[in-house]
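Encoded as structure tokens, the structure appears first; notes follow it.
The values are calculated or read from the model by the stated rules, or taken from the named source; none is laboratory data. Since the model is a prediction, treat every value here as computed from it, not as a measurement. Positions of Cβ are backbone-derived with ideal geometry, glycine not excepted, and every protein chain shown enters the neighbour counts. Just so you know, the surface numbers come from the protein's heavy atoms only, side chains and all, with ligands and any DNA or RNA stripped out. Shrake-Rupley method; radii C 1.70, N 1.55, O 1.52, S 1.80 Å.
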Amino acid sequence: MNKYLLPILAFISLCICSCSNHYDKMEDWMYWSHDNQSPDDIKYSYLLDAVSMLFLEVNYNGGDITLICNNYDNLEPIGIDGSDTYDCGWGKFTVEGRQVKCHFPEDALGNEPMSEQITISAMNGKEIVNTILYVTRSFTCTDSDELPDKYKFKLVQWALMPFMNGDFGAAAPFDNLSFRITDYYDHYQALGFPEFTQHYDSIVWCADDFPNTLKVYERQNTASSSEEHFSSQWSSHFFTSTDVKSQLKGYRDGKVVYSTPLTTNLYERDFLCYDWTDGNVVIANPGNEGIYCLLDKRYEYTARHTMETDGTRYAQISARLIKVSSNEESLAYQQEALTKLMTDNIGQAQTAAGKTESFKCLPTEGIEAIKFWENKTTRILLLHKIPDEDYGREKYYLHFEAKAQPSN
């Protein structure tokens with residue numbers, strides 16, 4: 001903005017110095033007042049001298065202002081083509097009798113500041129009397145609170161898909177949660193690019209105390225092309241029962257210019273997402289589900305559906321391999337991921353010595369108990385599956401069982 005105002009301010013200074021010498025020629029000048037309909041968005045100033053000068057400084061909000069000539073009733077056409085309207089793209093100026101109506105559409109897309117110099121004329125007999133209108137316009141919102149609503153967005157928790165397919169109203173660790181980004185008025189657009197995306201270079205999903213982020217919108221510009229990517233809906237799991245305080249942040253030129261928060265509450269059932277009473281039980285051929293967190297990509301898990309043998313319900317969780325090259329790295333990663341999962345949810349492990357006798361559904365051979373945890377409803381073992389021709393590949397996994405419930 002300053003590069004446009006410097007020559008203007010110098011011109012103003014010269015005119016002010018000579019103003020007192022020209023009052024006897026005021027009949028040849030145009031005298032102006034204004035009706036400003038957007039007083040917070042358009043700054044107006046007027047300088048009277050040998051040539052009248054009007055100055056408008058317009059911000060990204062835009063608005064309307066009517067300039068009124070008090071001593072000439074009929075102004076000359078203002079358009080290049082001899083029409084009564086001049087449109088420079090970011091401002092429209094229309095002559096109506098003694099008035100110049102100026103309209104500036106809202107524009108917060110962050111373009112470089114623009115300026116325009118417009119001559120407004122009237123006939124004084126056979127001579128032309130002129131006023132110079134200087135207009136400067138900015139297009140950047142510097143405060144997210146002032147951002148137009150059409151460029152704001154919301155983060156919404158859209159759907160809960162419980163791991164055990166039960167009628168659970170609250171989310172638990174390992175449940176699948178879907179999220180959406182909507183506009184400020186809660187409208188969801190599945191296809192295409194919503195208008196609010198055009199204000200940003202990227203929109204990022206992130207959360208407190210989580211190591212990773214997800215870009216739900218990104219625009220990449222090169223000298224020869226422009227690409228946009230937008231995900232209006234996404235899903236994720238979380239690994240612990242906690243309050244996840246996440247945000248969507250809108251970035252422009254490397255800075256956050258808008259953000260919106262969401263708190264997701266997660267509650268542990270009997271153990272993580274498992275409910276030994278109300279959850280579903282698989283009679284035969286239990287399946288596995290992949291458990292991932294888009295905000296924490298250090299670990300992924302595979303959780304088996306609940307099974308039941310002789311009245312005891314049980315299940316298993318394994319660590320899914322991520323970027324490990326050797327068998328030693330794989331085994332170390334499995335132990336680390338499974339131990340962290342239990343430490344974060346149950347606490348420190350106990351010794352596994354003598355604990356296997358309390359489990360009813362353990363394999364009879366080919367395993368080694370490494371660590372033990374328990375809560376009020378569940379016993380958990382970290383097991384080492386010993387490599388064998390009969391028992392398959394070596395690995396670590398969690399085996400857990402429901403404790404016997406007291407009879408009523």
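Test Y200 against the criterion of being under 15 Å from K154 (Cβ atoms) and among the aromatic types (F, W, Y), and give yes or no. The answer is yes for Y200. Beta carbons closer than 9 Å, at least 6 apart along the sequence or on distinct chains, pair a first residue in region 157-174 that is touching a residue at least 60 places away in the same chain (Cβ under 8 Å) with a second that is β-branched (V, I, T) and part of a strand (DSSP E or B) for Q157/T264; F163/I291; A171/T264; P173/I291; F174/I291; F174/I317. I need the full set of residues from region 316-341 which are open to solvent by 10 Å² or more (accessible area, probe 1.4 Å), outside any helix (DSSP H, G or I) and among the β-branched types (V, I, T), in order please. The answer is I322, V324. Within region 105-126, being small (G, A, S), under 29 Å from D149 (Cα atoms) and in a loop (DSSP other than H, G, I, E, B) holds for A108, G110. Check region 208-220 and report whether any residue there is touching a Pro at 6+ places or on another chain (Cβ under 8 Å) and in contact (Cβ under 8 Å) with a residue 12 or more places away in the chain. Scanning region 208-220 turns up no residue that is touching a Pro at 6+ places or on another chain (Cβ under 8 Å) and in contact (Cβ under 8 Å) with a residue 12 or more places away in the chain.
Here's the yes/no breakdown for (1) under 30 Å from F239 (Cα atoms); (2) in contact with a Phe, Trp or Tyr (Cβ under 7 Å, 6 or more places away or on another chain):
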site	(1), (2)
T140	no, yes
K150	no, yes
D167	yes, no
D175	yes, yes
Y185	no, no
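Summed over region 369-402, the residues that are in a strand (DSSP E or B), within 22 Å of A303 (Cβ to Cβ) and open to solvent by 40 Å² or more (accessible area, probe 1.4 Å) give a count of 6.
Across region 56-73, what is the number of residues that are over 14 Å from W29 (Cα atoms) and open to solvent by 20 Å² or more (accessible area, probe 1.4 Å)? Qualifying residue count for the region: 4.
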